[in-house]
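The values are calculated or read from the model by the stated rules, or taken from the named source; none is laboratory data. Since we're looking at a predicted model, the values are computed, not measured. Every residue, glycine as well, gets a Cβ built from its backbone with ideal geometry; the counts of neighbours run over all protein chains shown. Keep in mind that these areas ignore ligands, DNA and RNA; they rest on the heavy atoms of the full protein, side chains included. Shrake-Rupley method; radii C 1.70, N 1.55, O 1.52, S 1.80 Å.
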Amino acid sequence: MRDYDGSAVLHAIRLILTTRTSAETITVLAGFIESYGFNRVFLGQLVNPLNVPLKDILYVSNWPDELKAARRNQAAILHDPIALCALRSKRPFTWAEARAFASRAGRKVVDMVHDFGITDGMMFPMHALESVSGGVSLGGDSKSDLSPLEVAELELVCQVAYYHLEVMHGPFPYQRVAELTARETECVQFVAAGKSNWEIAKILGIQEDTVKKTLRRACDKFGAVNRAHLVASAIARHQIFP
């Protein structure tokens, strides 16, 4: 797309780290992404807005106010294929890639954004050890053909902006993800492998009652109602191997 020596990336990172407000950060990020064909930024944590007050969610963007209000009113994130893919993906992806797997409701969410002239974009998922997942979604009014190097440059600057804002606005009440102890992890991992409490006790050389109590504590941490729910929660939170 252009000759490039990396200096703009370093300059953007330095500027972002000196910003003191969300508006300043988004302004710097928006200025940086222009040369890549983007002009809109949607940056936030992937949290259910029906469960968490908006004031407790990292949520900033330079999208039109009418579009932001419409998404909030419809709890659009719950159907948004871009947000859903960001929960699972560790790598950047285009909006078009996400829309290809969208439900009918999901396609309507994407089309609503298109109606505001934001017709193409790319999502950069954000996953930190002690925080809920999030992402930085960049949009524009035309398709951008980016090289792998350009995607890497954008990802790096988006990461700096995202985690800078998370620190600036945090800590959030749910920011630290519940963690299992070493013993709880062992027990849940064996539950995932289909082992009974008796079998787990024999494998680990502990009492069966100890296994029951350990699994009960793990359920309490995740709010799980049964063994299947516990395993699914532990996998989703990257506490055990899938």
When the residues of the range 71-94 are narrowed to those that are over 27 Å from residue 152 (Cβ atoms) and either of a type in the set (Lys, Arg) or in contact with a strand residue (DSSP E or B) (Cβ under 7 Å, 6 or more places away or on another chain) (or both), which ends up most open to solvent (accessible area, probe 1.4 Å)?
72
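Which one is least open to solvent (accessible area, probe 1.4 Å) among residues in the range 50-61 that are over 14 Å from residue 162 (Cα atoms) and part of a loop (DSSP other than H, G, I, E, B)? Outline the logic, then answer.
As a first pass, look at the range 50-61 and keep what is over 14 Å from residue 162 (Cα atoms): 50-56.
Now restrict to residues that are part of a loop (DSSP other than H, G, I, E, B): 50-53.
Values: 50: 126, 51: 119, 52: 25, 53: 67 Å².
Residue satisfying both the conditions and the ranking: 52.
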Residue 166: touching a strand residue (DSSP E or B) at 6+ places or on another chain (Cβ under 9 Å), touching a residue at least 60 places away in the same chain (Cβ under 8 Å) and open to solvent by less than 50 Å² (accessible area, probe 1.4 Å), yes or no?
yes
Filter result (closer than 19 Å to residue 48 by Cα and modelled with pLDDT under 95) within the range 108-125
108, 109, 110
State whether one or more residues within the range 95-115 are under 19 Å from residue 157 (Cβ atoms) and among the aliphatic types (A, V, I, L, M).
no
Answer yes or no as to whether residue 165 is under 19 Å from the mean Cα position of the chain (by Cα), aliphatic (A, V, I, L, M) and modelled with pLDDT of 95 or more.
yes
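Restricting attention to the range 119-162, which residues are charged (D, E, K, R) and in a loop (DSSP other than H, G, I, E, B)? Before you say what the answer is, go through the steps one by one.
In the first step, residues of the range 119-162 are kept if they are charged (D, E, K, R); the result is 120, 130, 141, 143, 145, 150, 153, 155.
Once the filter is applied, which keeps residues that are charged (D, E, K, R) and in a loop (DSSP other than H, G, I, E, B), the range 119-162 yields 130, 141, 143, 145.
Do we have any residue at all in the range 52-64 that's touching a Gly at 6+ places or on another chain (Cβ under 6 Å) and hydroxyl-bearing (Ser, Thr, Tyr)? Outline the logic, then answer.
Restricting attention to the range 52-64, the residues satisfying the condition of being touching a Gly at 6+ places or on another chain (Cβ under 6 Å) are 58-59.
Still in the list and also hydroxyl-bearing (Ser, Thr, Tyr): 59.
Yes.
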Positions within the range 96-109 being under 13 Å from residue 74 (Cβ atoms) and open to solvent by less than 20 Å² (accessible area, probe 1.4 Å), in sequence order
106, 109
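Among the residues of the range 110-118, are any assigned to a helix (DSSP H, G or I), open to solvent by less than 80 Å² (accessible area, probe 1.4 Å) and farther than 22 Å from residue 142 by Cβ?
If we filter the range 110-118 for residues that are assigned to a helix (DSSP H, G or I), which is where we start, we get 110-114.
Applying the additional criterion that residues be open to solvent by less than 80 Å² (accessible area, probe 1.4 Å) yields 110-114.
Then drop every residue that is not farther than 22 Å from residue 142 by Cβ, which leaves none.
Scanning the range 110-118 turns up no residue that is assigned to a helix (DSSP H, G or I), open to solvent by less than 80 Å² (accessible area, probe 1.4 Å) and farther than 22 Å from residue 142 by Cβ.
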Answer yes or no: is there a residue in the range 22-30 that is of a type in the set (Asp, Glu), open to solvent by 30 Å² or more (accessible area, probe 1.4 Å) and without any contact (Cβ under 8 Å) to a residue 12 or more places away in the chain.
yes
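Quick one: in the range 218-231, of everything that is surrounded by 14 or more Cβ atoms within 10 Å (Cβ to Cβ) and farther than 10 Å from residue 188 by Cα, which residue is modelled with the lowest pLDDT?
At the first step, the residues of the range 218-231 found to be surrounded by 14 or more Cβ atoms within 10 Å (Cβ to Cβ) are 218-219, 221-222, 224, 227, 230-231.
Narrowing the set further to residues that are farther than 10 Å from residue 188 by Cα leaves 221-222, 224.
Numbers: 221: 91, 222: 88, 224: 92.
The qualifying residue modelled with the lowest pLDDT is 222.
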Quick check on residue 211: is it farther than 27 Å from residue 130 by Cβ, modelled with pLDDT of 95 or more and open to solvent by less than 20 Å² (accessible area, probe 1.4 Å)?
yes
